[in-house]
Amino acid sequence: MDGISSLILLLLFLWSLFLQRLAHIELTAPVAFVLLGLLLSEGIGVLDLAPSPGAVRTLAEVTLAWVLFTDAARLSFRVLRPELGLYVRLLLLGLPMCIGLGTLLAVGLLPGVSGWAALYVAAALAPTDAALGATMMVNPVVPGRIRRLLNVESGLNDGIATPFVVLALAGVSMAGSTSDAHTPGSALVELAIGLVYGTVLGLIAGWGLRFALRKGWATEDVAGTGVLALALLSYTSAIAIGGNGFVAAFVAGLAFGSTHGAPHLVLLFIEQSASLFSVLVWLLFGAVLVPAAFDHLTWQAALYAVLSLTVVRMVPVALSLAGSGLDRKTVLFVGWFGPRGLASVIFGLLAVEELAPPAWRSIVPVVVCTVLLSVVAHGITSAPLAQRYGRASAVTSAPPAPPAGPAGPAGPAGPAENDLPIRGMGAGTIGGHRRGRRDGHA
């Protein structure tokens with residue numbers, strides 16, 4: 001095991017050295033580390049990586065809590081306010097419709113799947129991951145408003161979908177157990193406690209850090225470590241008082257970010273730290289989930305994966321954006337670029353660790369198949385569709401040339417100054433792609 005650990009660490013280091021070179025062939029971190037996981041997997045790869053269930057569960061839980069806090073904390077509501085209506089439409093209308101439609105499709109298509117299991121499949125596949133469309137997300141020909149819309153959606157929808165996943169897993173677990181220890185009712189209580197506790201903790205911590213920095217009691221060099229600890233504290237302490245740690249981490253991040261308590265460099269530090277755990281999750285996806293899932297893959301699961309990336313995603317997006325003022329090509333573009341990624345992978349790992357094999361074998365293969373299909377389909381189409389949509393948008397929405405004046409002609413529009421960074425690996429890059437500056441922290 002020490003040899004495998006050394007190999008993984010070596011590959012992480014080599015990846016950091018060749019990020020920009022690998023970007024030219026569109027080899028992103030998810031693709032690279034899924035392939036590495038397959039090479040290390042038990043029974044498939046040339047090596048034998050069989051991590052203990054406890055190690056898998058711990059890594060998945062810590063990474064999800066970290067990502068939920070970081071994604072929420074890096075948002076600036078002041079900057080998002082001009083397009084708030086679009087974000088509300090996608091997150092509070094489109095996302096619930098996506099979960100509802102996905103649940104109905106799972107009940108009708110997947111054999112032997114209960115209502116709770118169908119809800120788990122739909123909720124686990126509802127969050128999007130902008131990092132899988134990194135080529136599109138950093139392409140300046142795509143209007144900054146649309147890139148920002150997709151980025152904000154992917155940063156918040158995993159936190160909103162988490163309660164549905166928690167409830168569904170509790171329901172599936174209850175159906176296969178004679179114990180009443182963890183039921184949907186108790187899960188609701190945990191969610192409520194996590195919501196209240198996370199809000200209070202995030203507000204107090206954000207105000208405290210802001211005050212300490214202003215007084216000179218703290219420095220940005222050390223504050224990053226403190227915020228990193230806060231992200232994990234919001235998860236562990238919520239569990240200790242009987243709350244849901246994932247919800248607590250997400251709302252703590254929202255509350256913390258709303259106080260503008262952390263400078264850009266502080267949040268960048270915890271984002272880079274979370275990125276390391278994220279690529280390890282992709283490795284476990286290839287080493288643990290993919291082999292287990294393909295042993296139980298059915299044509300129904302493959303068909304659901306195709307429909308999940310198309311109909312289940314695009315129809316709710318179109319309905320939620322109706323009357324928003326966005327044209328048809330923009331709605332189709334937003335609907336297609338809903339890749340499934342890290343959050344869905346972690347939800348799959350949690351299901352494998354929490355449920356008995358008969359329970360997860362009918363649902364986890366659907367999640368795995370959908371994520372793999374998304375990695376390929378969105379990776380292939382990211383660059384060409386971005387170029388095509390960008391050119392079409394420039395033709396149909398180009399403003400008239402400004403009259404000549406003392407200031408001179410306007411220069412070409414570049415990337416939005418307040419674009420949010422996409423979750424990825426490495427400072428200033430996303431899987432080898434350059435990224436923009438953080439909202440509200442110019």
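The values are calculated or read from the model by the stated rules, or taken from the named source; none is laboratory data. Worth saying up front: this structure is predicted, and the values here are computed from it rather than measured. Using ideal geometry, Cβ is built from the backbone for each residue, glycine included, and neighbour counts are taken over all protein chains shown.
Answer yes or no: is there a residue in the range 128-137 that is in a loop (DSSP other than H, G, I, E, B), touching a helix residue (DSSP H, G or I) at 6+ places or on another chain (Cβ under 8 Å) and within 21 Å of Ser275 (Cα to Cα). Yes, the range 128-137 has at least one match.
Residue pairs whose Cβ atoms lie under 6 Å apart, separated by 6 or more positions or on different chains, with the first residue in the range 140-156 and under 13 Å from Tyr87 (Cβ atoms) and the second in a helix (DSSP H, G or I), are Leu149/Leu86; Leu150/Ala130; Asn151/Ala130; Val152/Tyr87; Glu153/Leu90; Ser154/Ala130; Gly155/Asp71; Leu156/Leu91. Filtering the range 283-308 to residues that are farther than 19 Å from Gly102 by Cβ and of a type in the set (Gly, Ala, Ser) leaves Gly286, Ala287, Ala292.
Could you list all residues from the range 342-399 that are in a helix (DSSP H, G or I) and polar (S, T, N, Q)?
Of everything in the range 342-399, those that are in a helix (DSSP H, G or I) and polar (S, T, N, Q) turn out to be Ser344, Thr370, Ser374, Thr381, Ser382, Gln387, Ser393, Thr396, Ser397.
All told, Leu355 meets the bar of being touching a Ser or Thr at 6+ places or on another chain (Cβ under 8 Å) and at pLDDT below 90. One residue alone among Leu284, Leu319 is surrounded by fewer than 17 Cβ atoms within 10 Å (Cβ to Cβ) and either at pLDDT 85 or above or assigned to a helix (DSSP H, G or I) (or both), and that residue is Leu319. Summed over the range 37-53, the residues that are aliphatic (A, V, I, L, M) and at pLDDT 80 or above give a count of 2.
Okay, residues lined up against (1) modelled with pLDDT of 85 or more; (2) crowded, with 18+ Cβ neighbours inside 10 Å; (3) not β-branched (Val, Ile, Thr):
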| position | (1), (2), (3) |
| --- | --- |
| Ala55 | no, no, yes |
| Val67 | yes, yes, no |
| Leu92 | yes, no, yes |
| Ile99 | yes, yes, no |
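Take Val141 and tell me if it is of a type outside the set (Asp, Glu), at pLDDT below 90 and not in a helix (DSSP H, G or I). Judged against the criteria, Val141 is a match. Taking each residue of the range 346-364 that is more than 19 Å from Ala106 (Cα to Cα) and of a type outside the set (S, T, N, Q) and looking for partners that are modelled with pLDDT of 90 or more and crowded, with 24+ Cβ neighbours inside 10 Å with beta-carbon atoms closer than 8 Å, six or more apart or interchain, yields Leu350/Val165; Leu350/Leu169; Glu354/Leu169.
Residue by residue, here is whether (1) touching a residue at least 40 places away in the same chain (Cβ under 8 Å); (2) among the β-branched types (Val, Ile, Thr); (3) surrounded by fewer than 19 Cβ atoms within 10 Å (Cβ to Cβ) holds:
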{"residue": "Ile193", "(1), (2), (3)": "yes, yes, yes"}
{"residue": "Tyr197", "(1), (2), (3)": "yes, no, no"}
{"residue": "Lys215", "(1), (2), (3)": "no, no, yes"}
{"residue": "Thr219", "(1), (2), (3)": "no, yes, yes"}
{"residue": "Ala223", "(1), (2), (3)": "yes, no, no"}
{"residue": "Tyr235", "(1), (2), (3)": "yes, no, no"}
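For beta carbons closer than 8 Å, sequence separation of 6+ or different chains, a first residue in the range 271-293 that is without any contact (Cβ under 8 Å) to a residue 40 or more places away in the chain and a second that is of a type in the set (Asp, Glu), there are no qualifying pairs.
Residue count for the range 107-155 satisfying the condition of being more than 22 Å from the chain's Cα centre (by Cα) and either among the hydrophobic types (A, V, I, L, M, F, W, C) or buried (at least 22 other Cβ atoms within 10 Å of the Cβ) (or both): 6.
In this structure, does Ser237 turn out to be of a type in the set (S, T, N, Q), farther than 26 Å from Val371 by Cα and assigned to a helix (DSSP H, G or I)? Criteria met by Ser237.
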